[in-house]
1. Out of curiosity, is Trp29 closer than 24 Å to Val2 by Cβ and open to solvent by 10 Å² or more (accessible area, probe 1.4 Å)?
2. Within the range 58-77, which residues are closer than 21 Å to Gly16 by Cβ and either part of a strand (DSSP E or B) or among the hydrophobic types (A, V, I, L, M, F, W, C) (or both)?
3. What are the residues in the range 35-74 that are closer than 20 Å to Ile115 by Cα and of a type in the set (A, V, I, L, M, F, W, C), if any?
4. Among the residues of the range 9-30, are any within 14 Å of the chain's Cα centre (by Cα) and not in a strand (DSSP E or B)?
5. Residues to consider are Gly40, Gly55; find the one that is modelled with pLDDT under 95, more than 18 Å from Ser17 (Cβ to Cβ) and open to solvent by less than 50 Å² (accessible area, probe 1.4 Å).
6. What are the pairs, 6+ residues apart or on separate chains, where a residue within the range 1-25 that is polar (S, T, N, Q) has its Cβ under 6 Å from a residue that is part of a loop (DSSP other than H, G, I, E, B)?
Amino acid sequence: QVQLVESGGGLVEDGGSLRLSCAASGNIWGIQGAGWYRLGPRNARELVAHISATGRTSYLDAVKGRFTISKDGAKNTVYLQMNSLNPDDSNTYLCCVDVSVHSRWEVTEYWGQGIQVTVSS
């Protein structure tokens, strides 16, 4: 059984930093690509940052230069480093991870439950 556990959210001051973590556990081979999402207009998920299985990254324009996505395959964990936070970044953040289950080639997508980030002004 695969489980994703998100951590690192909370309340931070304007201009501050947080690091979100998304750890996969269970009987898994490892993790591949992953993304961090937040809720946009009409409660739709918007992709904030993505990292491919090979380590290539991409970002939402609004967070470029401030956020960094990374992963640690040995720990089966994906991170989102968020710097220079502003109140517009306040949201629920969700991780989505492509997990290799049982073997490297048996890949299933899993979603975290979401973690709250609140930036004060």
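The values are calculated or read from the model by the stated rules, or taken from the named source; none is laboratory data. Worth saying up front: this structure is predicted, and the values here are computed from it rather than measured. Neighbour counts run over all protein chains shown; Cβ positions are idealised from the backbone, glycine included. What goes into the accessible areas is simple: the full protein's heavy atoms, side chains included, and nothing from ligands, DNA or RNA. Shrake-Rupley method; radii C 1.70, N 1.55, O 1.52, S 1.80 Å.
1. Yes: the conditions hold for Trp29.
2. Tyr59, Leu60, Ala62, Val63, Phe67, Thr68, Ile69, Ser70
3. Hits for the range 35-74 are Trp36, Leu39, Ala44, Leu47, Val48, Ala49, Ile51, Leu60, Ala62, Val63, Phe67, Ile69.
4. Yes: one or more hits.
5. Checking each option against the conditions leaves just Gly40.
6. Gln1/Gly26; Gln3/Gly26; Ser17/Asn83; Ser21/Gly8
Rundown of residues vs (1) surrounded by fewer than 20 Cβ atoms within 10 Å (Cβ to Cβ); (2) of a type in the set (Val, Ile, Thr); (3) modelled with pLDDT of 95 or more; (4) not in a loop (DSSP other than H, G, I, E, B), yes/no style:
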site	(1), (2), (3), (4)
Tyr93	no, no, yes, yes
Glu109	yes, no, yes, yes
Val117	no, yes, yes, yes
Ser121	yes, no, no, no
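Residue by residue, here is whether (1) among the polar types (S, T, N, Q); (2) within 23 Å of Ser120 (Cβ to Cβ) holds:
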position: Glu46; (1), (2): no, yes
position: Ser52; (1), (2): yes, no
position: Thr68; (1), (2): yes, yes
position: Met82; (1), (2): no, yes
position: Leu85; (1), (2): no, yes
